[in-house]
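No lab work stands behind these numbers, since they all come straight from the coordinates. For clarity, every value in this text was computed on a predicted model and none was experimentally measured. Here Cβ is always computed from backbone atoms with ideal geometry, including for glycine, and neighbour counts include all displayed protein chains.
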Amino acid sequence: MANKYGKNGEAVAAFLEEVAATDLDGWRAFLDLESPSPELTAAGRAVNNAPFSASVNSAVDGACLRTVRGLGNIDRLMGASTIASRVEAAAKTLAVGDALAPEHLRVILEPFAAARVPVRGRPRHRAHRAVGRSRRRTPASAT
């Protein structure tokens with residue numbers, strides 16, 4: 001049976017589980033690292049133009065909405081809408097996986113890894129090895 005989140009549905013589900021388990025301090029760290037850029041805008045466009053079905057898109061959208069709403073106190077943070085949109089972009093990135101350029105994958109997923117929001121099951125590109133290394137180099141005292 002096909003996964004409702006598409007061919008990389010297990011990665012999407014695992015990521016959303018990690019998002020749900022991230023505490024307020026983790027999201028503060030994420031917001032400290034998050035910064036809009038032309039590269040992020042281009043990566044977001046690439047995700048929005050990526051080839052996946054309306055049913056997969058709808059399933060990922062709904063799961064992201066439920067996950068972010070379930071975070072509870074996140075609305076206390078300035079930037080809660082940024083978190084919501086970045087979680088959605090990352091989940092869709094995982095859903096379409098290799099259909100995106102490695103640079104787009106890196107730009108969207110790296111802030112999660114750097115803030116120690118694990119991105120398990122992500123597609124394997126050289127760019128993702130760099131994401132994993134940046135996460136390992138993050139000192140425990142920084143979180």
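Summary table below
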item	result
Condition broken by residue 98, with the remaining ones in (1) under 19 Å from residue 9 (Cα atoms); (2) assigned to a loop (DSSP other than H, G, I, E, B) satisfied	(2)
Residue check, residue 52 in contact with a helix residue (DSSP H, G or I) (Cβ under 6 Å, 6 or more places away or on another chain) and either outside any helix (DSSP H, G or I) or free of Cβ contacts under 8 Å to residues at least 24 places away in the same chain (or both)	yes
